[in-house]
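The values are calculated or read from the model by the stated rules, or taken from the named source; none is laboratory data. If you're wondering where the values come from, they're calculated on a predicted model, not measured in any experiment. No Cβ is skipped: glycine too gets one built from the backbone with ideal geometry, and neighbour counts run over all protein chains shown.
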Amino acid sequence: MTEFKEVTTTAHEPGSEGRVTTFKVTQLIWLFLGIVEGLLALRFIFKLVGVNAANAFASLVYGVTDFFLAPFASLAGAPSAGGMVLEVSTLIAMIVYGLIGWVLERIVYVLFYRPRGPVSTRQTVVAERTPLQGVSQTRTTTTQTPSAESQTTTTEHTDTV
C-alpha cells in the first residue's frame, strides 16, 4: 500500500512587485553615488599625496572626476606645497553629491514605496491512498483560506473488487 500526501501553499500579496522595483532603483542610486564618491576620494588622496598626473590610472581618475568637479572648481582655493595639493573643492563636491544622492533616494522611496498590504494565502492538501487490488481507495482534498476563515473538504471513497 502506498500513501501519498501533497500540500500546496500559495500566497499572493498585492504591491510586492512595486516594492521590489523601488528597492532596486534605490540600490542603483546608492551604487552610482558610491562610485562617484569613491572616485572623488581617490582624486582627493592623489592630489594630497602628489601622485604623478602622467600616470595612466591617475589621469583616468582625474579625467572622470573633472566632469563631477566642474561646478565646484572655482569655489574654494587649493593650497599647495611641494607638489601636494589640498583640494577643498573636492571635499565640498563629495558632501554635496552625498546629500543629492540621499535626497534622490528618499524621493524615490516616498513616491513609489507601498507598504505591505493583506496577504491572501491558499493552502491545498491532497491526501491519497493507493490501495492494493480489491481494497478501497480514499482521496481527500482540503482547501483552506485563512483570511476568509473558511475550509472546504471533499472526500471521495471508491471500492474496487
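What's the number of the only condition in (1) under 24 Å from Leu69 (Cα atoms); (2) loosely packed, with under 15 Cβ neighbours inside 10 Å; (3) within 29 Å of the chain's Cα centre (by Cα) that Glu105 fails to meet?
The failed condition is (2).
Looking at segment 73-90, I want the residues that are in the same structural domain as Leu48 (by TED's automatic domain parsing) and part of a loop (DSSP other than H, G, I, E, B) and have a partner that is exposed (fewer than 13 other Cβ atoms within 10 Å of the Cβ) and not small (Gly, Ala, Ser) with Cβ atoms under 8 Å, at least 6 apart or on another chain. Which pairs are those?
Leu86/Pro79
Condition check ((1) touching an Asp or Glu at 6+ places or on another chain (Cβ under 9 Å); (2) in the same structural domain as Val88 (by TED's automatic domain parsing); (3) touching a residue at least 24 places away in the same chain (Cβ under 8 Å); (4) more than 18 Å from Met94 (Cα to Cα)) across all residues:
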site: Thr21; (1), (2), (3), (4): no, yes, yes, yes
site: Leu33; (1), (2), (3), (4): yes, yes, yes, no
site: Glu37; (1), (2), (3), (4): no, yes, yes, no
site: Leu40; (1), (2), (3), (4): no, yes, yes, no
site: Phe44; (1), (2), (3), (4): yes, yes, yes, no
site: Ala54; (1), (2), (3), (4): no, yes, no, yes
site: Ala58; (1), (2), (3), (4): no, yes, no, yes
site: Thr65; (1), (2), (3), (4): no, yes, yes, no
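Taking segment 1-14 as the search range and keeping residues that are surrounded by 10 or more Cβ atoms within 10 Å (Cβ to Cβ), modelled with pLDDT of 70 or more and not acidic (Asp, Glu), which one is farthest from Glu105 (Cα to Cα)?
The qualifying residue farthest from Glu105 (Cα to Cα) is Val7.
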